[in-house]
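Encoded as structure tokens, the structure appears first; notes follow it.
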Number of protein chains: 2
Amino acid sequence: MTFNDIKSLLAPNKSKIVLLVMDGLGGLPLKPGGKTELETAKTPNLDRLAAEGCLGQTLPIDYGITPGSGPAHLSLFGYDPVAHEVGRGVLEAIGVGMFVNKGDVAARGNFCTVDKAGLISDRRAGRIPTEEAAPIVERLKAIQLPGVTVEISHVKEHRFAVVIRGEGLSPDLEETDPQKLGVAPYEVKPKNTSAKKAADLYNQWIAAAREILKDEPKANALTLRGFATDPGLESYASRYELDAACVAVYPMYRGVAQLVGMKIINFAGETPADEFDALGRVWNDHDFFFVHIKKTDSYGEDGNFEGKVHVIESVDEALPKLLALKPDVLIVTGDHSTPALLKSHSWHPVPFLLWAPDAARTDSQQQFGETQCALGGLGTFHALNAMPLALGHAQKLNKFGA
Amino acid sequence: MTFNDIKSLLAPNKSKIVLLVMDGLGGLPLKPGGKTELETAKTPNLDRLAAEGCLGQTLPIDYGITPGSGPAHLSLFGYDPVAHEVGRGVLEAIGVGMFVNKGDVAARGNFCTVDKAGLISDRRAGRIPTEEAAPIVERLKAIQLPGVTVEISHVKEHRFAVVIRGEGLSPDLEETDPQKLGVAPYEVKPKNTSAKKAADLYNQWIAAAREILKDEPKANALTLRGFATDPGLESYASRYELDAACVAVYPMYRGVAQLVGMKIINFAGETPADEFDALGRVWNDHDFFFVHIKKTDSYGEDGNFEGKVHVIESVDEALPKLLALKPDVLIVTGDHSTPALLKSHSWHPVPFLLWAPDAARTDSQQQFGETQCALGGLGTFHALNAMPLALGHAQKLNKFGA
């Protein structure tokens, strides 16, 4: 049984909830029986919260399933990630400040390098730096297509996002990245007849772009992936009666937060301390705060165990700034696991810490780590339950039934 | 995946199951890291059962959701509380021995005090004592309405229950209690046109009652809430092939037991020892026994931590009377948590103890408490699974599949 009518119980109050997500937090020991990244990190502040609060571990999607960042975040936000699939193109586009409305078709693009025969020799155009790539994207803005509007925006390094707006467009398009070298980028193919118009337009756009790029030494071609339109998710304001804000450095996470109607907070700097400072500046304006730390995942993906440990320690070190704000409910967790050992996202349960000084049960765990979370008082649960738990502990829900 | 066809596996035998519910059992420490009410209580008998049996913790409804008493009990009884919402009026009425059949409309009533302008000055008529309120209810029995039958019964103090029986009545009526002072009681309003007849009848009844009450010093008016009809739940006899009995002091819990066809046992006294004595007297007549202890919840609601501790201790002290009957399966749990700290029902998981000397697995827990239950061998599970666990351990279920 799953309770699906949270909305009927909402009882807004002034208490404040912080959802602190360390991306890819869950890890693995380098050797069986060893310590994970989180267990290795010195985290006196998180350990105190663990002792005072309650631990558990979440399944982002389900047992054995490795999530992408989009579905993993939707799950934490309380939206069934299977029912609400959000295309990567949409996340990329709105993450850099473009709008994607219902009916628009967004895509994420990669510059790549092709040889004289047109075959891909580098799928990421030598990870061309932002300062070289941004001016190239500017030149692509000149492309116009009949009857529709095209917007393009640079994201980072070799990555950009495109949105085509017009009537009768469908995002059911196949990706053009062959995901291997020695092959030419594919054409955009429609998955069904209703997507033919969008495919034609994207192919026209690619042809015009290739003409502009043809003399570039590295970024002389491109691939497009993740075609998608606005999934039309209900906003936090409507779904939870929460005025939510997002403090995140990376576009994609600002994007997914914006999809559920969070206010995106702009700030200078990239460190956890910078993020907590930004949180402090908007503390009085909102009642729910999603704070996203990216680099735990980046180092995990790089296989850099020590790097991930240090990011966790830097979050712990900066945590007093957040605690000084006196949140009523603080959840510290990850969206998924990214063990340095595997150099990729994984299916392992994700450590979850719930601290709510006025209303949280204490369990017997004294430290924030995977081993402790597996024995925590919250048990093992789907991440989809994180928001009901947060709302319950913030006493923002009425009783169900008499 | 949930197994929904228990009925196909039923294999009745003579083993006896006791479901001992301490209402609102789950608690919280007064300070983070401290002990809960249950952990504070000295419970040598329950601790022995915990050591010999298996612990766990239940979610009455779902993560973060605080249940009312009705849905929380339905869940323990194995009826999906979201699919089967039972109106409070029905629980109140059948709790004092009235019948509520399909099509009848029951309501719970409160006497209140109104001033000369007809505005409420006390929503509970000064919590008028039972000996004053009961004769007033008797006088209201004189009211007759055209084409229908009206029954009214006193419940406790300022509370009573009304049932109107007739053709074409719908319980989709809005409550008349404005839930605040300085406002007149509302009229009964139908939520849709099919409820107009019932609304008219209830308004006629209220007008006649007001006439009878008008010179009362305290109970000179009334409000009605929780309009409802029989939800038509399947009986324990049909659903589980169990001959079930209920030993409970409070009307509401006798009411919910009667809804699922349990035999309500009448007995003198109010203590846990009195209840276990009553259990002993009917032990040979039934094979399932629901025993309900109310005061753990009452003290929790009052914020009386010590009071709740003492009730738990009094249950433990009387427990040998129950154990002497040699139940095959004994479950000791709550319907929900009512931490004295919060002075209300809460969403926290509920301690669950399963003792079945012939068939229960033992876990590593030696004491009955929230911290131990969170580490128990049964894990964290929806209360809806309590009945299948009971039936399984009583060996009343056949194997599923070959």
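Let a ≥ b ≥ c be the square roots of the eigenvalues of the Cα gyration tensor of the range B:312-365; is it rounded (a/c under 1.5), or, if not, prolate (a/b larger than b/c) or oblate? Verdict is oblate for the range B:312-365.
Listed by chain and number, the lysines placed with their C-alpha closer than 17 angstrom to that of B:Lys294 are B:Lys156, B:Lys308, B:Lys343; residues fewer than eight positions away on the same chain are left out. Counting Cβ atoms of other protein chains within 10 Å of each Cβ in A:356-364 and taking the mean gives 6. Helix A:272-281 versus the longest principal axis of chain A: what angle, 0 to 90°, nearest 10, using Cα atoms? Between helix and principal axis, roughly 80 degrees. Diagonalise the Cα gyration tensor of the range A:1-128 and give the resulting equivalent ellipsoid semi-axes, square root of 5 times each eigenvalue, largest first, whole Å. The three semi-axes for the range A:1-128 are 35, 26, 15 Å. Distances from B:Lys196 to itself in the other copies, using label points 7 Å out along the Cα-Cβ axis, amount to 5.6 nm in increasing order. Inter-copy label distances for A:Asp285: 6.9 nm (label point placed 7 Å from Cα along Cα→Cβ; shortest first). Cross-link pairs exceeding 25 Å between alpha carbons, from the set B:Lys141/B:Lys189; B:Lys141/B:Lys263; A:Lys7/B:Lys295: B:Lys141/B:Lys263; A:Lys7/B:Lys295. Taking a ≥ b ≥ c as the square roots of the eigenvalues of the alpha carbon gyration tensor, the range B:171-232 is prolate, as a/c is not under 1.5 and a/b beats b/c. The 3J(HN,Hα) values that the Karplus relation (6.51, -1.76, 1.60; θ = phi - 60°) gives for the range A:15-23 are, in residue order, 5, 10, 10, 10, 10, 9, 10, 8, 4 Hz. Gly and Pro appear as x.
Peptides B:5-14, A:49-58, B:297-306 ranked from most to least packed, by the mean per-residue count of other Cβ atoms within 10 Å: A:49-58, B:297-306, B:5-14. For A:Lys396, the aspartates and glutamates whose Cα falls under 17 Å of its own Cα, not counting residues fewer than eight places away in the same chain, are A:Asp5, A:Glu241, A:Asp243, A:Asp287, A:Asp328, A:Asp358, B:Asp62. Give the shape of the range A:141-297 as rounded, prolate or oblate, defined through the alpha-carbon gyration tensor: a ≥ b ≥ c are the square roots of its eigenvalues, a/c under 1.5 means rounded, and otherwise the shape is prolate if a/b is larger than b/c and oblate if not. Since a/c reaches 1.5 and a/b is larger than b/c, the shape of the range A:141-297 is classed as prolate. Please report the base-10 log of the normalised intensity I(q)/I(0) for the protein assembly as shown, using a Debye sum with one equal scatterer per alpha carbon and no solvent, at each q in 0.10 (1/Å). Ignoring solvent entirely, the Cα scatterers give -1.08. Take every pair of alpha-carbon atoms less than 8 Å apart whose residues are at least six positions apart; their mean separation over the length of chain A yields a relative contact order of 33 percent.
When only the Cβ of Lys, Arg, Asp and Glu is charged (+1, +1, -1, -1), the dipole of the protein assembly as shown relative to its Cα centre reaches about 760 debye. Computed over the range A:90-228, the alpha-carbon pair-distance distribution with 10 angstrom bins reads 13, 47, 34, 6, each value a whole percent. Partner aspartates and glutamates whose Cα lies under 13 Å from the Cα of B:Lys35, excluding those fewer than 8 positions away in the same chain, are identified as A:Glu52, A:Asp363, B:Glu306, B:Glu370. Springs between alpha-carbon pairs under 10 angstrom, Gaussian network model over chain B: which of B:Ala245, B:Ala72, B:Ala134 fluctuates most? Taking springs between Cα atoms under 10 Å, the residue moving most is B:Ala134. Against the empirical 2.2 N^0.38 Å (N residues), chain B has a Cα radius of gyration ratio of 1.03. Once you reduce the range B:322-364 and the range B:252-294 to the center of their Cα atoms, the two points are 17 Å from each other. Qualifying trypsin sites (Lys or Arg not before Pro) in the range A:129-204, where qualification requires a DSSP coil assignment and no more than 10 other C-beta atoms within 10 Å, comprise A:Lys180.
Measure nothing but the geometry: give the 0 to 90° angle between the long axis through the Cα atoms of B:196-213 and the longest principal axis through the Cα atoms of chain B, rounded to 10°. Computed tilt is about 70 degrees.
Remark: label point of A:Leu145 defined 7 Å out from Cα along the Cα-Cβ vector; separations to the same position in other copies 6.6 nm, ascending.
Read the figures in this text as sums done on the coordinates, not as results from a lab. Owing to the predicted nature of the structure, the values given are computational and were not obtained by experimental measurement. Glycine also receives a Cβ, built like all others from the backbone with ideal geometry; neighbour counts cover every protein chain displayed.
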